[in-house]
1. Is one or more of the residues making up the range 196-217 assigned to a loop (DSSP other than H, G, I, E, B), outside the structural domain of Asp64 (by TED's automatic domain parsing), small (Gly, Ala, Ser) and at positive phi?
2. When the residues of the range 139-190 are narrowed to those that are free of Cβ contacts under 8 Å to residues at least 12 places away in the same chain and not in a strand (DSSP E or B), which ends up farthest from Lys213 (Cα to Cα)?
3. Exactly one of these conditions fails for Glu339: (1) assigned to a loop (DSSP other than H, G, I, E, B); (2) charged (D, E, K, R); (3) surrounded by 13 or more Cβ atoms within 10 Å (Cβ to Cβ). Give me its number.
4. Being hydrophobic (A, V, I, L, M, F, W, C), crowded, with 20+ Cβ neighbours inside 10 Å, in contact (Cβ under 8 Å) with a residue 24 or more places away in the chain and under 23 Å from Asn104 (Cα atoms) is true for just one of Val220, Val278, Val212. Which residue is that?
5. Here is a list: Leu55, Leu70, Leu80, Leu84. Which entry is touching a Gly at 6+ places or on another chain (Cβ under 7 Å), in the same structural domain as Arg106 (by TED's automatic domain parsing) and surrounded by 16 or more Cβ atoms within 10 Å (Cβ to Cβ)?
6. Among what's in the range 117-140 and is more than 16 Å from Thr94 (Cα to Cα) and under 19 Å from the mean Cα position of the chain (by Cα), pick the residue that is surrounded by the fewest Cβ atoms within 10 Å (Cβ to Cβ).
7. Looking at the range 226-239, is at least one residue surrounded by fewer than 21 Cβ atoms within 10 Å (Cβ to Cβ), over 17 Å from Asp155 (Cβ atoms) and among the basic types (Lys, Arg)?
8. Which one is surrounded by the fewest Cβ atoms within 10 Å (Cβ to Cβ), of the residues in the range 281-334 that are more than 19 Å from Leu42 (Cβ to Cβ) and without any contact (Cβ under 8 Å) to a residue 12 or more places away in the chain?
Amino acid sequence: MTEALPVTDSPDLETTHTSDDTFQLREIQLAFRNRGIPAEGLRLPITPTGMHYLLNHFDIPYVDAAAWKLTIGGRVGTPLSLDLDDLRRRPAVTFPVTFECAGNGRVFAKPRPVNQPWLHGAVSTAEWTGTPLGPILEEAGLADSAREVLFTGLDRGIQFDVDQYYQRSLTVAEAMRDEVILAYEMNGAPLEPQHGFPLRLVVPGWYGMTNVKWLDRIEVIDEAFDGVQMQFYRETSGPEDVGAPVETMKVRALMAPPGIVDFPSLQRRVEAGSVTLVGRAWAGRSQVARVEVSTDDGASWHDAVLDDPIGPYAWRGWRYEWHATQGEHMLCTRATDSEGNVQPPEPVWSYYGVGNNGMARQPVIVV
């Protein structure tokens with residue numbers, strides 16, 4: 001059974017909240033270490049690697065590819081040890097996958113968790129190349145007692161006073177899905193160090209924390225894994241509340257900023273007349289069924305036109321023709337998925353600031 005994370009007397013990023021709009025030094029340090037996609041990148045169906053959002057909890061490990069091996073063990077009949085060439089010789093697949101950090105939009109929570117200060121830029125879509133995980137697990141031979149598959153990266157650090165390697169698990173059924181791959185290329189090139197070189201897990205539809213980087217070992221286990229990274233990514237009301245796990249991405253739409261930007265205020269200016277608003281929407285393992293646009297802060301809504309899908313696990317483009325009139329306007333957009341789930345107008349609060357898909361707003365001045 002999952003237990004609530006401990007509360008310590010030491011200053012801890014995950015157990016400190018603030019209602020102040022002034023950001024702390026440690027939040028600024030995190031923001032410089034990690035990055036979101038530039039909002040104008042939402043115009044592109046595939047995010048260039050250099051624009052892809054990035055979140056690393058711990059140090060980026062140095063990996064010597066010539067000496068690196070992936071081990072597969074635990075509750076299996078035939079443990080395996082595979083190098084990069086072994087993996088590349090196996091059947092390969094390539095498809096686009098949208099990644100979104102579970103903490104995307106965290107800064108809009110009230111009170112705000114003092115953590116990685118995401119606005120709405122923690123989302124991107126890349127083309128991933130790798131080999132399916134399922135056949136490798138079949139080759140290793142799962143024991144009848146197998147319950148979960150545990151993935152361990154080479155990145156090591158301390159969180160909640162626990163010295164750990166980054167670890168996440170999936171149920172056996174989830175790990176065996178056809179689309180779950182061990183990826184060694186991103187956008188047609190070998191993984192860059194910050195994106196998990198030489199190998200990472202890609203689990204389409206799930207939030208980004210599931211896609212373990214710098215894979216070192218895979219272990220089949222006969223119990224539910226209850227490590228820190230499984231406990232942190234939960235929608236809880238407080239440290240004493242176990243809450244619900246955050247897993248597949250919720251439906252969300254974002255808009256590429258229209259017009260031109262004023263520096264350094266970042267205020268948007270748009271010329272009056274016909275303006276094409278564009279953006280992207282995604283829904284985890286569901287499909288995007290509808291995107292709506294409002295130019296008056298949600299007082300009225302209008303259907304956008306959806307682009308053709310680029311893949312079952314990738315975001316979908318949308319566009320809306322707006323007749324912009326002079327003055328100040330608040331633009332916003334919301335999406336509905338194929339199961340009828342609609343984005344809420346405001347973030348749904350949780351203690352760690354994860355799993356919220358509140359609507360984004362974009363103020364503009366039409367001149």
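1. No - not one qualifying residue is present in the range 196-217.
2. Asp144
3. Every listed condition holds for Glu339 apart from (3).
4. On inspection, the qualifying residue turns out to be Val212.
5. Testing whether each residue is touching a Gly at 6+ places or on another chain (Cβ under 7 Å), in the same structural domain as Arg106 (by TED's automatic domain parsing) and surrounded by 16 or more Cβ atoms within 10 Å (Cβ to Cβ) leaves just Leu55.
6. Selected residue: Leu119.
7. No, the range 226-239 has no match at all.
8. That would be Ala299.
The values are calculated or read from the model by the stated rules, or taken from the named source; none is laboratory data. All values reported here derive from a predicted model rather than from experimental measurement. Positions of Cβ are generated from backbone atoms using ideal geometry, with glycine treated the same way; all protein chains shown enter the neighbour counts.
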